[in-house]
Amino acid sequence: GGRVVVLVSGAGSNLAALLAAHDDPAYGARVVGVVSDKPGAGGLEIARAHGVPTAVVAPADFPDRAAWDRAVAESIAVFRPDLVVSAGFMRILGAATLGRFPDRVVNTHPALLPAFPGAHGVRDALAYGARVTGCTVHVVDAGVDSGPIIAQAAVEVQPGDDEASLHERIKVVERALLVEWVGRIAREGMRVEGRQVSVG
Ligand code: GAR
């Protein structure tokens, strides 16, 4: 099945790319819901503009992380997804969410994992002096950006790059990679065995 729920915290350009792709029925994946931890996330506006239902689960509204995580799991489950896509979702998902959708949550990260995990993948690659970085689509596990890798694409660092310019070039490649692989997973299915991911 191709029911996809997208998790966003920010601008939502990856979400916008998935929504543009799902307008073609042959794409196979359809964004049926968007969940955010931030009431003001730009991605929520993008979803609404496409007529896609949204939910906000803000940590401030819950007594602790576990309660927030259970609410995230519940608000995703309402949309009955086949696949959950974390696209610029800047929080670590907990056991309730991952346990509810085992091997069915994927994340896009703006670096070539396992290099530069965490919230500042672009900044950290620049600071390290990497000449090549890129983006990774991976299965989410209990760690931080540590799950089995589905696909990666490289982007060269250019002289004079700052975090914004490099991130913009990564995001162009990232959107295409995410759209390609979410579609493939929806059409062909995905199996995860240890660190090996097979699609189709
Ligand atoms: C993307 O580059 C995504 O990889 C990154 O945030 C950006 C969101 O852009 N995520 C992380 O850094 C997660 N650690 P978007 O809101 O325009 O899709």
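The values are calculated or read from the model by the stated rules, or taken from the named source; none is laboratory data. All values reported here derive from a predicted model rather than from experimental measurement. Please note: Cβ atoms are built from the backbone with ideal geometry, for glycine as well, and neighbour counts cover all protein chains shown. Accessible surface is based on the protein model in full, side chains and every heavy atom, while ligands, DNA and RNA are left aside. Shrake-Rupley method; radii C 1.70, N 1.55, O 1.52, S 1.80 Å.
Tabulated data for the structure shown
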{"read-out": "Relative contact order (percent, whole number), the range 1-156, Cα cutoff 8 Å, 6+ residue spacing", "value": "20"}
{"read-out": "Surface per residue (accessible, 1.4 Å probe) for the chain, Å²", "value": "46"}
{"read-out": "Net dipole in debye of the chain [+1 Lys, Arg Cβ; -1 Asp, Glu Cβ; about Cα centre; nearest 20]", "value": "400"}
{"read-out": "With every protein chain in place, the chain: carbon and sulfur % of accessible area (1.4 Å)", "value": "55"}
{"read-out": "Gained length - Arg3 relative to Val56, 0.36 nm times residue gap less alpha-carbon distance", "value": "17.2 nm"}
{"read-out": "Cα gyration tensor shape of the chain, rounded if a/c is under 1.5, else prolate or oblate by comparing a/b with b/c", "value": "rounded"}
{"read-out": "Gain in span if fully extended, Ala164 to Glu188, counting 0.36 nm per residue against the direct Cα distance", "value": "5.1 nm"}
{"read-out": "Contact order relative to length of the range 91-200, as percent, for alpha carbon pairs under 8 angstrom and 6 or more apart", "value": "24"}
{"read-out": "Alpha-carbon centroids, the range 1-34 and the range 53-106: separation in whole Å", "value": "16"}
{"read-out": "Computed helical MRE - 222 nm, the chain, DSSP H runs ≥ 4 contributing -39500 (n - 2.57), nearest 500", "value": "-11000 deg cm²/dmol"}
